[in-house]
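Colleague: The structure is given below, and queries will be raised subsequently.
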Amino acid sequence: MCNANFPQSLSVGFKFEPAILITEHKNNIKYTPVFASLYLNSVHKPVEWVGIEIRPGYIVGGVFWGFEIGRFARIKIPQTNFIVIAGLNHHSNYENNAHNSGRSYKKIFFLMVLALATKKIQKWALI
């Protein structure tokens, strides 16, 4: 049963995102541009200021090619246009070069996500 004081909503849609991945290995920080990522986005909002997001998708960038699924909490900061996003992203990295290359691998790993987003206008967001 849904109380009228606490409206619920569910939004589903596609999201295309370019991004920059920041990775660290043995104290060496690397910035990798992500030219394309496509996600099927589903956000459930049990209350107006909290969203629970499930986001399966595919990412293409540098050595990070593959399917992933993310689970995030979205918390709107009161009296602002800012949203704090935190969660886990399960990424399945796969690289398979041309035949006879002798080089192919698959690696699965988790990424922790912490982001600050703003939604200035209805159809665009900055993350």
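The values are calculated or read from the model by the stated rules, or taken from the named source; none is laboratory data. These numbers come from a predicted model, not from an experiment. Neighbour counts are summed over all protein chains in view; Cβ atoms, including those assigned to glycine, are modelled from backbone coordinates with ideal geometry.
Colleague: What's the number of the condition residue 29 fails, among (1) at pLDDT 80 or above; (2) among the hydrophobic types (A, V, I, L, M, F, W, C); (3) within 18 Å of residue 69 (Cα to Cα)?
Modeller: Every condition holds for residue 29 apart from (3).
Colleague: For segment 73-86, give me each residue that is among the aliphatic types (A, V, I, L, M) and assigned to a strand (DSSP E or B). Let's see the steps before the verdict.
Modeller: Taking segment 73-86 first, the residues among the aliphatic types (A, V, I, L, M) are 73, 75, 77, 83-86.
Answer for segment 73-86, where residues must be among the aliphatic types (A, V, I, L, M) and assigned to a strand (DSSP E or B): 73, 75, 83, 84, 85, 86.
Colleague: May I ask you to say which residue of 70, 66, 51 is assigned to a strand (DSSP E or B), touching a strand residue (DSSP E or B) at 6+ places or on another chain (Cβ under 6 Å) and at positive phi? Spell out the reasoning first.
Modeller: On the way: 70 fails: at positive phi; 51 fails: at positive phi.
On inspection, the qualifying residue turns out to be 66.
Colleague: Moving to a separate point now. Please determine, by comparing only the residues of segment 51-99 that are among the small types (Gly, Ala, Ser) and more than 22 Å from residue 31 (Cα to Cα), which one is modelled with the lowest pLDDT. Let's see the steps before the verdict.
Modeller: Step one: of segment 51-99, the residues among the small types (Gly, Ala, Ser) are 51, 57, 61-62, 66, 70, 73, 86-87, 92, 98.
Filter again for more than 22 Å from residue 31 (Cα to Cα), leaving 51, 73, 98.
Numbers: 51: 90, 73: 94, 98: 46.
Within segment 51-99, the match that is modelled with the lowest pLDDT is 98.
Colleague: Which of the residues spanning segment 68-84 are of a type in the set (Val, Ile, Thr), within 17 Å of the chain's Cα centre (by Cα), under 13 Å from residue 116 (Cβ atoms) and surrounded by fewer than 18 Cβ atoms within 10 Å (Cβ to Cβ)?
Modeller: Narrowing segment 68-84 to residues of a type in the set (Val, Ile, Thr): 69, 75, 77, 80, 83-84.
Next, from what is left, pick out any that are within 17 Å of the chain's Cα centre (by Cα): 69, 75, 83-84.
Within this subset, residues satisfying the condition of being under 13 Å from residue 116 (Cβ atoms) are 75, 83-84.
Hits for segment 68-84 are 75, 84.
Colleague: Determine which member of the set 47, 43 is under 26 Å from residue 108 (Cα atoms), modelled with pLDDT of 75 or more and not small (Gly, Ala, Ser).
Modeller: Working: 47 fails: under 26 Å from residue 108 (Cα atoms).
Of 47, 43, the one residue that is under 26 Å from residue 108 (Cα atoms), modelled with pLDDT of 75 or more and not small (Gly, Ala, Ser) is 43.
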